[in-house]
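The values are calculated or read from the model by the stated rules, or taken from the named source; none is laboratory data. Remember, it's a predicted structure, so these values are computed and weren't measured experimentally. Virtual Cβ from ideal backbone geometry, glycine too; neighbours counted across all protein chains shown. Quick note on the areas: whole protein, heavy atoms, side chains included, nothing else; ligands and nucleic acids left out. Shrake-Rupley method; radii C 1.70, N 1.55, O 1.52, S 1.80 Å.
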Amino acid sequence: EAEIRNTILAQVLDQAARARLSNLALVKPDKAKAVENYLIQMARFGQLPGKISEQGLIEILEKVSQQTEKKTTVKFNRRKVLDSDEEDDY
């Protein structure tokens, strides 16, 4: 299966785009796998006009990033602390 994936990616990506995807796989393997799956799916359905350049890959990466973007929220739970001055008064 890995050979088939590499063959398909070699057919749809130019050299610079493959290099960028390899670098991405080193840093964020999950995102690289998602992009690879997206490209392979598009290639199987014939939706790719030709080889994808590095700029085209960057646009696909941006689309995938927007779809998988996680919203981070920070919630503060403030706890009441006993005042230590009360103990010193006696």
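So which residues in the range 1-60 are charged (D, E, K, R) and open to solvent by 70 Å² or more (accessible area, probe 1.4 Å)? Listed by number, the residues that qualify are Glu1, Glu3, Arg18, Arg20, Lys28, Asp30, Lys33, Arg44, Lys51, Glu59.
The criterion of being closer than 19 Å to Gln11 by Cβ, out of contact with any Cys (no Cβ under 8 Å at 6 or more places or on another chain) and part of a loop (DSSP other than H, G, I, E, B) does not hold for Leu57.
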